[in-house]
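Please read the structure below before turning to the comments.
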Amino acid sequence: MARDVRELEGAFISEIYAALLGHGDWQVFLRRLTAILPNGKGTLFYHDVAAGAGALSLSANMEAANVDAYNCHFSGRNPWMAKAMLRPLGLGVRAEQMFPPDELLRTEFYNDFLRREGVQSGVGVTIFREQGCNFMLSLMSVPVDDAEGNAAAELLGRLAPHLRQAFAYYRGAKPTGGAAPPFVGAITDALTVACVAIGFGRSVRWANAAGWRLLTEGDPIGIDARGRLKTCSAELREAIALAQAASDRQDGAGKRV
């Protein structure tokens, strides 16, 4: 199995960029990744150091009720997170390196959460961190031998730079319509940053949760009946007009959407 995991690296990298370009699906990528470990459960998630909690932004092969339970309660009781907050970016590690397995079996996290999913081990990697938030990829599973576990952890480490590139693209590129991937919305939500992307004619193309709250409140920005951004601020209207003029010229802001 360790050999097979290494051979799958190229296929998973291709799936990352296919999903990034809209020719693939992040959910499918994550679900296929879980197959490298027995009874694999996959998550793209974040953990906020200051809050001592986080959420599963995207999951595969997990019961919806357990995902909700993690987001509402168990994220603050995850014993793997203390060391996960300190590990180097892009380093794939095994759960046993994060917390002693014998102690894990005595925790609420194992008995009331992991055991419901039939797992007690896994591998993980921190993709990037910012302002105290860590964004990670994790695969949970039943215990495996060292060769299998090490190979899976190494694979996640080798995928991490490509996932980081995808996240950087989504955060820096102008959306072209529709919803952003779940984990992208979670990133901006976790950082409590309001993000609203507008297209030609001030059409609102995408917003995260904080952005939609601003639009709903209508101050300082709102959305009209035609789905266009509106504001009472003359300075903001001028800034938007300048940005869209630059977009029309295809300098600075990029091509018009």
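Bear in mind that the values in this text are calculations on the coordinates, not laboratory data. Remember, it's a predicted structure, so these values are computed and weren't measured experimentally. Positions of Cβ are generated from backbone atoms using ideal geometry, with glycine treated the same way; all protein chains shown enter the neighbour counts.
Figures for the structure shown
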quantity	calculated
Scan of segment 56-105 for residues that are of a type in the set (D, E, K, R), under 15 Å from Leu137 (Cβ atoms) and out of contact with any Asp or Glu (no Cβ under 9 Å at 6 or more places or on another chain), ordered by number	Arg87
Leading residue by the ranking (farthest from Glu103 (Cα to Cα)) among those in segment 50-66 that are polar (S, T, N, Q) and not in a helix (DSSP H, G or I)	Ser57
